[in-house]
Amino acid sequence: MPELLEVSDVVAGYGRGPAILNGISLTVRPGQVQCIIGPNGAGKSTLMKAIAGLLPVRSGEIRFGGERIDGLRPDQILRKGICFVPQERALFPKMTVRENLRMGGYTLRDEALLERRTEAVLEQFPILRERAHQHAGTMSGGQQQMLAMARTLIVEPQIVMLDEPSLGLAPQIVQQMFEIMHMLRNRGMTILLVEQNAIAGLKHSDWGTVLDLGRTLFEGPAPEVLVDPRIQELYLGRSAAAAA
Amino acid sequence: MIDILQVLVLGLALGGVYALMASGLTLIFGVMRIVNLAHPIMILTGAFVSYWLFTLYGIDPILSMPVAALVLFVIGLVLYKLVFAREAASAKYSEMTVLLTFALAMSFDGLLGALFSNTQRVTTPSYGTQAIFLGDLFIPTAQLYAGIASFVIIGGLMLFLRYTRFGYAIRATTQNRAAAQLMGVNVEFVSLVTFGIGLALAGAAGSLVSFIFSFFPAKHWEWIAILMSLVVLGGMGKLMGTIVAALLLSVIAAFVGTYAGSTWSTMTFFLALFVMLLVRPQGLFGDRIEEA
């Protein structure tokens, strides 16, 4: 299968601080849900920020459909077809749900298309329709996450990057998030998922990539990664060492 | 009763002009976190544009508002590119802008003083000294026209922010800069144009100022504190808050001026600021301050 996104030897970090990504390489194949797991500080979120253009790449390169995208601005990368839903969900708290959805389609120049897709999302998510005129900041965490994920439908990107969509949500809501994620995938989007809860993340994914200390440790089909003894070592060994 | 109505109407008209004066300041702070201490001198620059267009060519200052706005818009773009864009990555950006804009204020003050001297000037269109009587109510036409013009521009600004694509981009950048980027907004470009729009609003306000106040370059020092107090009272970068604060404070100041003497009326702004910072530091329309 051809690679959709290719990260090669990327080094990146915050400001003048130390590198968090230490020459990371990985590939993303189209049509899959690819889960990135790893202990705290492995560089999972940092990787997504680097791909999204929020963080400068110090060396290495990122290619999307063969074309280099490192060095582009976040708005340019979105236009190429990569949509990032960060942990903070990137909502506009003082805009209504509807305005947030419209903002998601900022890059669409076609007003009729924007309106049609906004309506389609509201059609699909009755809770959002119910709260269409409510400020996004007044909704529950689960509803906000739903809005942030549903909003990606408006631009129909090729890749959606989800950074810990389950963070801070109740278990039954988490299940709902994974359902929405699969819905996005069934619409033809490729999903790159970062999950702190490695087991839940891998169970809902096709491919698993394990990071540690800013590099790719190993990867493989999600069910295999799930039972790989190195995972136990990485998580349990680390925490056992910390406890000792 | 008629006295109260009289003071109320005059307070509202002047409040409209203050609201217009502060709107650009709050817009710029909202989008870029620039504390623009040079805002009042930019208003006076706009006042000089209208003053000279009237004095040399007899063009009515209300009609020359678009010219003053355009001149200041261009000055805004140039200043942003020259001064602010290169500092945008700095961690101490907001603090630095205080110094930068203070330096700009002094430079423009000196420049305007050198060009036009610090004599008092006022644009004198025919309506400058007229008044309308509604029963016992006395309304100076200059104040009335300035107030109406201000409300029209502010209304236009609000419609622009609410319904246009660029307005969405400005609001989004104000509320969550990183999120706006992720939605495809080129926030640097939005910052550039918003700085231009902010100064254009200052320029337009200047045209009105030119015929309701007598002015001279150094007068901007008086306004800095008043305008800043309106921005803080409104909730730092909240346009609606700033407008409400401007109207409210101007009306209160008008009453204080009438019943306690005009020396006390300016004090109203600072007293209100002081009280607000004590009881509700986030301002009228501000969010609770969450960041440490």
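Details
- ³J(HN,Hα) computed for each position of the range A:189-197 - Karplus, 6.51 cos²θ - 1.76 cosθ + 1.60, integer Hz, glycine/proline x: 8, 8, 10, 10, 10, 9, 9, 6, 7
- Compared with the dominant Cα axis of chain A, that is its longest principal axis, helix A:141-155 is turned about 80°.
- Eigen-decomposition of the gyration tensor built on the alpha-carbon atoms of the range B:2-279 gives equivalent ellipsoid semi-axes of 30, 22, 18 angstrom, largest listed first.
- The ranking of A:K203, B:K92, B:K238, B:K219 by Cβ neighbour count inside 10 Å, starting from the fewest, reads B:K92, A:K203, B:K219, B:K238.
- Subset of A:K94/B:K81; A:K94/B:K238; A:K44/A:K94 violating a 21 Å alpha-carbon distance limit: A:K94/B:K81; A:K44/A:K94
- Rounded tilt (10° steps) of B:93-116 against the dominant C-alpha axis of chain B: 40
- Here the convex hull built on the C-alpha positions of the protein assembly as shown has a volume of 183 cubic angstrom per residue.
- A simple rule links phi to the HN-Hα coupling: the Karplus curve 6.51 cos²θ - 1.76 cosθ + 1.60 with θ = phi - 60°, which for the range A:93-99 gives x, 9, 10, 6, 4, 5, 5 Hz, with x for Gly and Pro.
- Antiparallel %, DSSP beta bridges [both residues in the range A:5-243], to 5: 55
- Cα-based reach from A:K49 at 23 Å (exclusive), listing lysines while leaving out same-chain residues under 8 positions away: A:K80, B:K92
- Likely footprinting exposure, A:S140, B:S229, B:S250, fewest C-beta neighbours within 10 Å first: A:S140, B:S229, B:S250
- Convex hull volume per residue, computed on the Cα atoms of the range A:5-243, equals 130 Å³.
- Within chain B, helix-based [θ] at 222 nm, where runs of 4 or more DSSP H residues each add -39,500 (n - 2.57), nearest 500: -24500 deg cm²/dmol
- Listed by Cβ neighbour count within 10 Å, with the fewest neighbours leading, B:S210, A:S45 appear as A:S45, B:S210.
- Computed [θ] at 222 nm, helices only, for chain A once each DSSP H run of length n ≥ 4 contributes -39500 (n - 2.57): -11000 deg cm²/dmol
- Against chain B, whose longest principal axis is taken from its Cα atoms, helix B:39-57 shows a tilt of about 50°.
- Placed amide H near A:F84: partners under 5 Å, 5+ positions off or other chain: A:M161
- Look at the alpha carbon pairs under 8 Å that are at least 6 residues apart: their mean separation over the length of the range A:5-243 gives a relative contact order of 28 percent.
- Of all beta bridges that DSSP places with both ends in the protein assembly as shown, some 60 percent have antiparallel geometry.
- Residues whose amide H comes within less than 5 Å of that of B:I59, counting only those at least five positions distant or on another chain, are B:F54 (H built at 1.01 Å from N in the peptide plane).
- For A:R215, the residues whose amide H sits under 5 Å from its own are A:N22, ignoring neighbours fewer than 5 places away on the same chain, with H placed 1.01 Å from N.
- Estimated D of the range A:65-112 in µm² per second, where Rh is the Kirkwood radius over Cα pairs and Stokes-Einstein applies at 4 °C, 1.567 mPa s: 103
- P(r), alpha carbons of the range A:28-164 - 10 Å bins starting at zero, rounded %: 12, 39, 34, 14, 1
No value in this document is a laboratory result; all are computed from the given coordinates. Just so you know, these numbers come straight off a predicted model, no measurement behind them. As a convention, Cβ positions derive from the backbone with ideal geometry for all residues, glycine included, and neighbour counts pool all protein chains shown.
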